[in-house]
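Here's the structure we're looking at; comments come further down.
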Amino acid sequence: MSQPRGRAATAAAAMLVLLTAACGGRGLGSDSPAQILAAAKTAVQNASSYEISGTGDFGSGIDRLDFKVVGADLSGSFTESGSVVQVMVVDGNVYLKAPAVFYTADGVSANEASVLASTWVEATAGSSVASDFSSLSDLTNISSELPTTGTLTSGGTATVDGQSVVVLKDTVGGTTLAVATSGAAYPLQMKKTGSSTTVFDLSNWNSVAPFTAPPNPLTLPSS
């Protein structure tokens, strides 16, 4: 059976660009960007779980993603050319549940796609298909992507979902980052403007319940 190739990596890479462009942290609006950045790094490193949702043009027709993250595992979906693809990564194994058009777009025959469609499909850790989704790990390891330096300036204060935030701006990349000013210094929103606008919202820090792999998936060949 032909093996599907995923494009979720494109969306994950787009998020990584935002993370490495500008990230910030807790503190009063009078704190320096460097202090805010240091506080954010500490807060994110200590977090056990969170939710992340993104909207915008991520390439390959992907315009939305929504994931819950617990440690190195994630569960959620991305939307590509109008098709919603459900994805889980548990213990390094990748699970997909997608419509037939997702597979045929990757060169899978119509007959094979009809078998795979709307069924949980497992790509075991180390397989070529699982490797195609390896960039999803960027969504589960935000702390390692936080920069140590950058062209960041203060953008004052604002509110995101009713929460007070301090804003950092990347004067080169056009990215803005909103960071909570009360409690831990969690990033709450990242936005990049340009030819198109992409926005990531982060929420429910340390409040996501663990999840398990779907039962009885159709396992793909490991090659």
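Restricting to region 115-140, what's the tally of residues that are open to solvent by 10 Å² or more (accessible area, probe 1.4 Å) and touching a helix residue (DSSP H, G or I) at 6+ places or on another chain (Cβ under 6 Å)? The qualifying residues number 3.
Residues in region 162-205 that are over 19 Å from the mean Cα position of the chain (by Cα) and not small (Gly, Ala, Ser): Gln163, Val165, Val166, Val167, Leu168, Lys169, Asp170, Thr171, Val172, Thr181.
Of all residues in region 185-223, those satisfying the criterion of being aliphatic (A, V, I, L, M) and either part of a strand (DSSP E or B) or open to solvent by 40 Å² or more (accessible area, probe 1.4 Å) (or both) are Leu188, Met190, Val199, Leu202, Ala209, Leu218.
It is to be established whether one or more residues within region 42-51 are open to solvent by 10 Å² or more (accessible area, probe 1.4 Å), at pLDDT below 85 and not aliphatic (A, V, I, L, M). For region 42-51, residues open to solvent by 10 Å² or more (accessible area, probe 1.4 Å), at pLDDT below 85 and not aliphatic (A, V, I, L, M): absent. Once region 90-114 is narrowed to residues that are open to solvent by 50 Å² or more (accessible area, probe 1.4 Å), at pLDDT 90 or above and among the aliphatic types (A, V, I, L, M), the residue that is nearest to the chain's Cα centre (by Cα) is Val101. Cβ-Cβ distances below 8 Å connect the following pairs, each with a first residue in region 149-174 that is on the phi > 0 side of the Ramachandran plot, a second residue that is open to solvent by 60 Å² or more (accessible area, probe 1.4 Å), and a separation of six or more residues or different chains: Gly174/Thr193; Gly174/Gly194.
The values are calculated or read from the model by the stated rules, or taken from the named source; none is laboratory data. Not measured: the values here are computed from a predicted model. Glycine gets a Cβ as well: all are built from the backbone with ideal geometry, and neighbour counts include every protein chain shown. Heavy atoms of the whole protein, side chains included, go into the accessibility calculation; ligands, DNA and RNA do not. Shrake-Rupley method; radii C 1.70, N 1.55, O 1.52, S 1.80 Å.
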